[in-house]
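As structure tokens, the structure follows; a few thoughts come after it.
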Amino acid sequence: PPSATVTEVRYDYPEYTELDPRTQMGGAIDVWERTAITITAATNVPVKRGEFELADTEDFSAAYPGSSVKIADGKRLTIAWRADPRQAAAKFPKFYRIKVWDAEDTPDPKPAVYPINVRVDQPPQVVLIDPTTNLELPANGTVPLVVAARDQDFKLRTVSLKIARDENDVTDETLFDGSQQEVALKHDFQLEPLRLKEGDKIRIWVEAQDNRLPTHNLTKTPPIEIT
């Protein structure tokens, strides 16, 4: 019977990761999310068609179709697939296999099963080191801020201070706008430009965004209230 064996897998990583393309031998996939993957396989006999299937379990009891299979010279298969989450469940498949049929329409009775491990780009870490408690200050006071932020996987994109008078009045001050994995920041937050009055209350917190695309991961510190 016909059968297909994966010979190599090529990874073209998302541009924001700044990782070079890589080709590995064998069929096991271990890759960052949203990576473009090219799977090359060889068959033992000429085949006329093939199917690329994905599944969450190794028994393929709930298999679903992946990308199309291109056949060259009857024995060389190529599959282009991107490690995107399934839209409905926001999950990634755990296994894949390639089913083939020969010229007599005889199928592979037991296609080889290969594992998939997709690594998700984690949110950044951000800490407001100082202050750590609610404050009572004069309306023209200054709040010295000490902030540390780090991206666990690649790089930070922005770190900003958020100032909220109420739910519908939130402004921000940029603390960092660049491209590096971690930053340590000091910032003097001036209250006077806000023209606050005695008894007014505001909340402040710090937000960090990483460089993930198309959507940045976001992390916030717990808010601090200033009277």
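The values are calculated or read from the model by the stated rules, or taken from the named source; none is laboratory data. Please read all numbers here as calculations on a predicted model, not as lab measurements. Because the Cβ atoms are built from the backbone with ideal geometry, glycine has one as well, and the counts that use them run over all protein chains shown. In case anyone asks, the SASA skips ligands and DNA or RNA and just uses the protein heavy atoms, side chains included. Shrake-Rupley method; radii C 1.70, N 1.55, O 1.52, S 1.80 Å.
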Summing +1 per Lys or Arg and -1 per Asp or Glu among the other residues with Cβ less than 15 Å from residue 69's Cβ gives +2
For the chain, the per residue accessible area (1.4 Å probe, Å²) is 56 Å²
Along the dipole axis of the chain (charges at Cβ: +1 for Lys and Arg, -1 for Asp and Glu; origin at the Cα centre), the most positive-end residue among 171, 217, 5 is 5
Here the gain from full extension of residue 59 to residue 200, 0.36 nm per residue of separation minus their alpha-carbon distance, amounts to 44.5 nm
One finds, for residue 94 and residue 45 with R0 = 25 angstrom and r their Cβ-Cβ distance, a FRET efficiency to the nearest 0.05 of 0.30
proj_area_mean for the range 117-227 (convex hull on C-alpha atoms), units nm², value 7.6 nm²
With every protein chain in place, the accessible area of residue 179 for a 1.4 Å probe, in Å² rounded to the nearest 10, comes to 70 Å²
Reported to the nearest 10 Å², residue 60 has, with a 1.4 Å probe, an accessible area equal to 20 Å²
Out of 161, 194, 175, a Gaussian network model of the chain with alpha-carbon springs under 10 Å gives the largest mean-square fluctuation to 194
Cα-Cα pairs in the chain separated by more than 23 Å, as a whole percent of all pairs, come to 61 percent
Output row, site residue 20, 7 Å Cα→C-beta label point, backbone N cut-off 12 Å, window the range 95-129, residues none
Carbon and sulfur atoms account, in whole percent of the 1.4 Å probe accessible area of the chain, for 48 percent
If one builds a Gaussian network model of the chain from Cα atoms under 10 Å apart, the most fluctuating residue listed among 93, 123, 107 is 107
The equivalent-ellipsoid semi-axes of the range 157-197, taken as the square roots of five times the Cα gyration tensor eigenvalues and listed largest first in whole Å, are 24, 13, 6
Nearest-0.05 FRET efficiency for residue 12 and residue 135 at R0 = 35 Å, using Cβ-Cβ distance, is 0.10
Taking N as the number of residues in the range 175-227, the ratio of its alpha carbon radius of gyration to 2.2 N^0.38 Å works out to 1.48
Over all pairs of different Cα atoms in the range 13-67, the reciprocal of the mean inverse distance gives a Kirkwood radius in Å of 14.0 Å
Quick tally, 1.4 Å probe accessible area for 151, 166, sorted with the most first, runs 166, 151
Taking r as the C-beta separation of residue 36 and residue 162 and R0 as 35 Å, the FRET efficiency to the nearest 0.05 is 0.50
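Which longest run of the chain has no exposed loop site in it, a site being trypsin sites (Lys or Arg not before Pro) in a DSSP loop with at most 13 other beta carbons within 10 Å, and the site itself not part of the run?
92-194
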Over its alpha-carbon atoms, the range 33-127 yields an Rg and a Dmax in Å of 15.7, 64
Expressed in µm² per second, the diffusion coefficient of the range 46-88 from the Stokes-Einstein equation, with Rh the Kirkwood radius over alpha carbon pairs, at 25 °C and 0.890 mPa s, is 206 µm²/s
Under a 1.4 Å probe, counting only protein heavy atoms, residue 192 has an accessible area in Å², nearest 10, of 120 Å²
If every Lys and Arg gets +1 and every Asp and Glu gets -1 at its Cβ, then about the Cα centre the chain yields a dipole, in debye to the nearest 20, of 680 debye
